[in-house]
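Structure, as structure tokens:
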Amino acid sequence: MALNVCVTVDMEQDCPPYLDTWRGVEQGAPIALELLHEEGIPATFFLTGELARRFPATVRAILEAGHEVGGHGDTHRRFDRMDTEAARAEIRKSTATLRAFCPVESFRAPNQQLPEEYLPLLDEEGYRLDSSAARYKVPRGRVCRAGSLLRVPASVTSSALRLPAWLRDALLARLRDPVVLFVHPWEFVDLTRERLRYDCRFRTGEPARRSLQETIRFFKRRDASFGRMRDLPAVRGLRV
Ligand SMILES: [Zn+2]
């Protein structure tokens, strides 16, 4: 059976908490959209509510290109640093903002940190899929159900795609189905001279765009099937 690959794009302000600019949305998102168009693959964009309110035209451009929009909290504050009521308010506000554009059923928490006890909050808001977990943080993390939610972990951290090709490809070859890749649009903006943690800034700009393109082509050579997260066979199975 073909390997399922989801390209996902987490969208918020540039590299929080270090920067509070939006160059990723303004300059990086068009580069990501162009690349996905060139490669002819659909993706899932996890957006904060704040971003959708500031940049409604970007949300529309994502949808018009046939991609999925998922929730990513409202302000990109970390869920593991809030109480239940604050977490509920973050999810509720961002979901209402995004659903003014389209149906929303997939979620990823900022920094991939979602305490287990907050999973019912996603259920309350009608989410079907959560991609907050990370295989590279929890060894052998795999797809599992949590009530009516399907949890599909991200496979590899975004900066790993920017590693030298031989190292990156060795890492990619070890990923298991479904492969969930993620990038941020600010990675496609040259941030190499910004005061950031090294893994946030190294090989940003054109090298990051090329790395994503090479990664997509790596999986194309393996006859992978590319889809939005909501189209994963396991998610479609949930709806039957
Ligand atoms: Zn994020």
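Express the Stokes-Einstein translational diffusion coefficient of the stretch 97-229 in µm² s⁻¹, to the nearest whole number, given a Kirkwood radius over alpha-carbon pairs, 37 °C and a viscosity of 0.692 mPa s.
Translational diffusion coefficient: 202 µm²/s.
Once you list every other residue whose beta carbon is under 15 Å from the beta carbon of residue 96, what net charge do they have if Lys and Arg are +1 and Asp and Glu are -1?
-1
How big is the charge dipole of the stretch 78-193 about its Cα centre, in debye rounded to the nearest 20, if each Lys and Arg gets +1 on its Cβ and each Asp and Glu gets -1 on its Cβ?
Using only the charged Cβ atoms, the result is roughly 440 debye.
Could you pull out the trypsin sites (Lys or Arg not before Pro) across the stretch 196-240 that fall in loop regions by DSSP (anything but H, G, I, E, B) with no more than 11 other Cβ atoms inside 10 Å?
In loop regions of the stretch 196-240 (DSSP not H, G, I, E or B), the sparsely surrounded trypsin sites (Lys or Arg not before Pro) are 197.
Say the dipole of the chain comes from +1 at the beta carbon of Lys and Arg and -1 at that of Asp and Glu; which of 166, 189, 134 then lies farthest toward its positive end?
Farthest towards the positive end: 166.
Calculated FRET efficiency, residue 145 and residue 166, Cβ-Cβ r, R0 41 Å, to nearest 0.05?
Step by step, r from the Cβ atoms, then E = 0.65.
For residue 184, tell me the accessible area in Å² from a 1.4 Å probe, rounded to the nearest 10.
20 Å²
Please compute the modelled spin-label separation between residue 173 and residue 222, points set 7 Å along Cα→Cβ, answer in nm with one decimal.
1.0 nm
Let me spell out the model: positive unit charges on the Cβ of Lys and Arg, negative unit charges on the Cβ of Asp and Glu, origin at the Cα centre of the chain. What dipole size does that give, in debye rounded to 20?
The dipole of the chain has a size of about 660 debye.
What length, rounded to one decimal in nm, is gained on full extension from residue 136 through to residue 83, with 0.36 nm per residue of separation minus their alpha-carbon distance?
Here the segment from residue 136 to residue 83 would lengthen by 16.5 nm.
So how exposed is residue 105, as accessible area in Å² (1.4 Å probe, rounded to 10)?
Result for residue 105: roughly 40 Å² accessible.
If you take the square roots of the eigenvalues of the alpha-carbon gyration tensor of the chain and sort them as a ≥ b ≥ c, do you get rounded (a/c under 1.5), prolate (a/b over b/c) or oblate?
Cα axes put the chain in the rounded bin.
Which of rounded, prolate or oblate describes the stretch 47-164 when judged by the alpha-carbon gyration tensor and an a/c cut-off of 1.5?
oblate
How much of the accessible area of the chain, probe 1.4 Å, is carbon plus sulfur, in whole percent?
So the carbon and sulfur contribution to the accessible surface is 51 percent.
Accessible area per residue for the chain in Å², computed with a 1.4 Å probe and the full protein assembly in place, what is it?
With the other protein chains kept in place, the chain gives 45 Å² per residue.
Find the relative contact order for the stretch 69-135 and round it to a whole percent, using C-alpha pairs within less than 8 Å whose residues are 6+ positions apart.
Contact order relative to length: 40 percent.
The values are calculated or read from the model by the stated rules, or taken from the named source; none is laboratory data. Just so it is clear, the model here is predicted, and its values are computed rather than measured. All Cβ positions, even for glycine, are placed from backbone atoms using ideal geometry, and neighbour counts span all protein chains on display. SASA here: full protein model, heavy atoms, side chains in, ligands and nucleic acids out. Shrake-Rupley method; radii C 1.70, N 1.55, O 1.52, S 1.80 Å.
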